[in-house]
Every structure is written in C-alpha cells, then in structure tokens.
Amino acid sequence: MEEAEVKPVRREKKEKPQLKESIYSLRPDELQEWLKENGEKPFRAGQIYEWLYNKRVKTFEEMSNLSKGLREKLEENFALTTLSTLIKQESKDGTIKFLFQLQDGYSIETVLMRHDYGNSVCVTTQVGCRIGCTFCASTLGGLKRHLLAGEIVEQVVKVQQTLDEVGERVSSIVIMGIGEPFDNYDAMMNFLKIINNDKGLNIGARHITVSTSGIVPKIYQFADEQLQINFAVSLHAPNQEARQKLMPIARAYKIEELLEAVRYYTKKTGRRVSFEYGLMSGENDSVEIANELADLIKGIKCHVNLIPINYVPERDYVRTSRSSIFAFERALKERGVNVTIRREQGADIAAACGQLRAQERQDEVR
Ligand code: SAH
C-alpha cells in the first residue's frame with residue numbers, strides 16, 4: 001500500500017518582529033570587533049562614531065564616507081533608533097520631560113534640566129525598579145526589565161537632537177532617573193564608556209553623576225574602576241532602624257556596611273561622595289536627627305544634598321516645611337558638614353526626583 005503523503009500541519013504563525021540591536025549599544029572596541037568580523041577596516045569605527053555622536057545622523061544612508069556595502073550591512077544588522085518619542089512636555093522652568101517608547105512597548109521617562117551652568121540630562125536605567133523605596137514613584141510597579149546600554153545612550157542622543165534645534169549642548173548627565181543603576185551594572189558601565197569617549201558625545205567624567213540606593217558589593221566594584229565620575233549615595237536616614245523603614249534595601253546591606261564601602265570608595269578614588277537625603281516631615285527631619293546624621297558621617301570625605309521630598313500621589317509623605325529644612329541645614333553646617341539644598345525643577349510636570357515612572361504599554365499612556 002502506498003503511504004499517504006504526510007502534510008505538515010499549517011499553523012498561523014504570528015511572527016514576532018525581529019528586533020535589531022541598537023548601534024548605540026556598541027562601545028568603540030565592540031564596533032571595531034564587529035567591523036573586523038564583517039571584513040571591514042576597524043578604523044571605520046571612528047567614522048561611524050563621528051556620524052552617530054557628532055553629526056547625529058538619523059539614517060545609515062547619510063554616512064557618506066562609508067561604502068554603500070558597509071552602509072547596507074549596518075542597516076541590516078542594527079537599528080539607528082530604538083526609542084520613539086511619545087510625549088515631550090515642557091515645564092514653566094524650562095525642564096523638559098520626555099516619554100520614550102521602547103521597541104517592546106514599554107515606556108520610560110528622561111528629563112532635560114536647564115541650569116545656568118548648562119544642560120543636564122537625567123537618564124533612566126531600568127523599566128521600573130525593584131528597590132522599593134517607600135517614597136519613590138519609580139518602584140510602584142516593580143521591575144519590568146533592565147535597559148540595554150544603547151537604550152540609555154539613545155536617551156541622551158534624543159535630548160541632544162532636541163537641543164540641536166536651538167544650538168545648545170548636553171553638558172552633564174545624572175544617572176538618577178527610573179531604576180537602580182547598580183542593579184544594571186554592566187549596561188551602565190558600557191553607557192559610561194560610550195558617552196565619555198572623545199569620539200562619542202565626549203561628556204567628561206566630572207560632568208557625570210551616578211546615584212545608588214546602596215548596593216554594597218557594586219560600590220566596591222565601582223570604586224575599583226577608578227573613574228573620575230561623581231558618585232552619590234541615597235542615605236535618607238541617620239541610623240539602621242530609620243533607614244530600613246524607608247528603604248528595604250537597608251535590610252540586605254546594613255548602614256555600617258554601606259558606610260564602610262563609601263569610605264573604601266573615597267580612599268580608593270580620592271574623591272568625595274555625595275549623600276542624598278530626602279526630607280520628610282516628621283520622619284527624618286528634626287534637628288536631633290541632623291545631629292545624629294552629622295555624627296554618622298563624621299570623617300567621611302563627603303557632602304550632603306538635602307532634597308525636599310517631592311509629592312507622589314500613592315504615598316503619604318509630606319514635605320518638610322521651609323523653616324525646618326533650613327534648621328536641618330544649619331544643624332549640619334554647625335557640625336562642619338558640607339551641605340546644599342537641591343533646587344527643585346520640573347515639579348509641575350511630575351519630572352522631579354522620585355516622580356518618574358515607567359509605563360507598561362503604549363495604550364496606557366494618556
Ligand atoms: N536608584 C538610585 C537613583 C534614583 S533617583 C538611587 O536610589 O539613588 C535619585 C534620587 O531621588 C535618589 O536619592 C532617590 O532616593 C530620590 N528620590 C526618590 N523619590 C523621591 C521623592 N519622592 N522626592 C525626592 N527625592 C526622591
């Protein structure tokens with residue numbers, strides 16, 4: 001008997017669109033490597049960087065000193081943009097908040113701040129956050145995913161492209177948007193290497209600040225990188241008990257361990273560290289607490305940055321009154337602590353510290 005022909009079952013396959021890697025994810029050495037593997041001269045990496053970060057082209061086609069073949073290969077393998085701008089909202093004080101959509105539908109926020117000393121961009125490192133600080137909006141929906149290096153770099157490129165329209169430049173970067181940068185350490189380091197490169201956006205290390213909630217092993221690792229980058233630690237409380245009430249991460253890494261790591265950092269790099277301290281009425285803002293804080297950080301090469309806490313609707317923390325903020329500042333000064341009060345920017349568009357949040361899908365964005 002003849003065998004019946006077996007026909008493959010036809011299934012309606014919903015093809016997922018093939019996502020290309022962002023070209024902005026590649027460090028110069030990685031781009032050189034890719035070029036070599038693809039039969040091209042490694043020096044082309046410098047030219048490509050020039051097009052990406054200096055001329056800031058929007059298509060591979062425009063990279064006119066590259067062969068047509070290479071431009072086609074780049075086009076086939078990489079995406080020149082993986083962020084699309086959903087919302088660009090400007091505050092009364094000139095701050096601009098961007099809502100960018102990622103290729104998989106998640107969206108993130110990035111903030112451009114205008115200061116008299118220049119333009120600063122606050123970048124996001126994760127979709128959401130798993131640190132769980134009780135006063136922060138970024139952590140409300142938990143962590144969805146880490147950002148890739150290119151998705152962090154592109155935030156700066158996109159903001160720079162907006163500034164190109166008015167002939168201005170991004171002069172500094174703060175890694176203080178949504179997410180915990182030390183929880184996405186490798187992507188953060190690649191981001192730093194790419195924007196710091198002199199053929200890249202060439203933003204000097206001293207113009208970059210990274211802030212952590214206090215992931216102790218990563219602080220040691222970061223200290224050993226020996227970078228000239230400004231380093232900030234979110235402290236928010238003068239003792240273990242108070243800190244773990246505000247920041248669950250304090251259960252994993254005790255305040256003494258955190259300060260030990262910070263001391264290691266200051267010794268290893270010779271640089272001072274900045275402690276961020278959000279003032280919440282009745283929680284952590286009395287003069288006694290200021291004195292306790294001064295004792296805690298005594299002998300550490302540091303500076304305290306007081307942040308009047310910003311409003312997050314889901315949370316019931318209340319900002320410390322102006323007079324109490326000044327009293328807190330005075331108490332620290334009297335004990336010889338370097339202290340500043342952070343000037344608030346962009347609160348009217350919910351773009352201030354702790355107010356940024358990730359969105360799950362485009363259709364949730366209003
Ligand atoms: N995950 C990093 C970067 C976060 S954002 C970190 O924790 O340091 C930068 C600063 O904003 C942190 O010091 C954070 O604690 C602070 N912050 C969070 N929510 C805030 C709020 N509602 N008001 C003021 N500052 C807030």
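Throughout, read-outs are computed from the coordinates displayed, never taken from laboratory work. Just so you know, these numbers come straight off a predicted model, no measurement behind them. Positions of Cβ are backbone-derived with ideal geometry, glycine not excepted, and every protein chain shown enters the neighbour counts.
Brief remarks follow.
- Those trypsin sites (Lys or Arg not before Pro) in segment 136-180 that DSSP places in a loop and that have at most 13 other beta carbons within 10 Å: ARG169
- Within a straight-line Cα-Cα reach of under 12 Å, LYS41 can be paired with the following aspartates and glutamates, leaving aside sequence neighbours fewer than 8 residues apart in one chain: GLU33.
- Those trypsin sites (Lys or Arg not before Pro) in segment 86-126 that DSSP places in a loop and that have at most 12 other beta carbons within 10 Å: LYS92
- A Cα-only calculation for the chain places Rg and Dmax at 23.2, 101 Å.
- Between PHE43 and LYS92, the contour length at 0.36 nm per residue exceeds the Cα-Cα span by 13.1 nm.
- Projected label points at GLU33 and LYS58, each 7 Å from Cα along the beta carbon direction, are separated by 3.3 nanometres.
- Between ASN77 and THR134, full extension at 0.36 nm per residue minus the direct alpha carbon distance yields a gain of 16.3 nm.
- Loop GluC sites (Glu not before Pro), segment 93-171, which have at most 15 other Cβ atoms in a 10 Å radius of their Cβ (DSSP): GLU165, GLU168
- For ALA358, residues with placed amide H under 5 Å, excluding near neighbours: GLY128
- Within straight-line cross-link reach of LYS68, aspartates and glutamates at Cα separation under 19 Å, skipping those fewer than 8 residues along the same chain: GLU37, GLU40, GLU50, GLU76
- Taken one residue at a time, the phi angles of segment 77-89 give Karplus couplings (6.51, -1.76, 1.60, θ = phi - 60°) of 9, 10, 9, 8, 8, 10, 10, 10, 7, 8, 9, 10, 10 Hz. Gly and Pro are set to x.
- Cross-link partners of LYS267 among lysines, defined as those whose alpha carbon lies under 22 angstrom from its own and excluding same-chain residues fewer than eight positions apart: LYS218, LYS254, LYS298, LYS301.
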